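A quick write-up on the structure given underneath.
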Amino acid sequence: MWILDRIEGGIAVIETEEGRLELSRQQLPPDVREGDVLVQTGSGICVDAAETSRRREKIAERYRRLRSKP
């Protein structure tokens, strides 16, 4: 699984299971955002919208639980 960490000066910094990967921003879909889960396909790299949504909801739920603790 690849997760877009950030974009710096046209370079996309991606976290993978093996470590950090840097790619040209142009290699990614135009609508990619920080935190998106990326997958390689036969035609390039695309956003896994379902997995991105699942991960964002999981993070939001953890945040809600932390905020509700006294």
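Computed from the coordinates by the stated procedures, all read-outs in this text should not be read as laboratory data. Owing to the predicted nature of the structure, the values given are computational and were not obtained by experimental measurement. All Cβ positions, glycine included, derive from the backbone under ideal geometry; neighbour counts span all protein chains shown.
What to note about this one:
- Residue tally, condition surrounded by 10 or more Cβ atoms within 10 Å (Cβ to Cβ), more than 14 Å from the chain's Cα centre (by Cα) and part of a loop (DSSP other than H, G, I, E, B), over the range 1-31: 0
- Residue in the range 36-44 that is over 15 Å from the mean Cα position of the chain (by Cα) and in contact (Cβ under 8 Å) with a residue 12 or more places away in the chain present: yes
- Odd one out for Pro70, checked against (1) without any contact (Cβ under 8 Å) to a residue 12 or more places away in the chain; (2) surrounded by 12 or more Cβ atoms within 10 Å (Cβ to Cβ): (2)
- Being touching a strand residue (DSSP E or B) at 6+ places or on another chain (Cβ under 7 Å) and touching a residue at least 24 places away in the same chain (Cβ under 8 Å) is a property that does not hold for Leu23.
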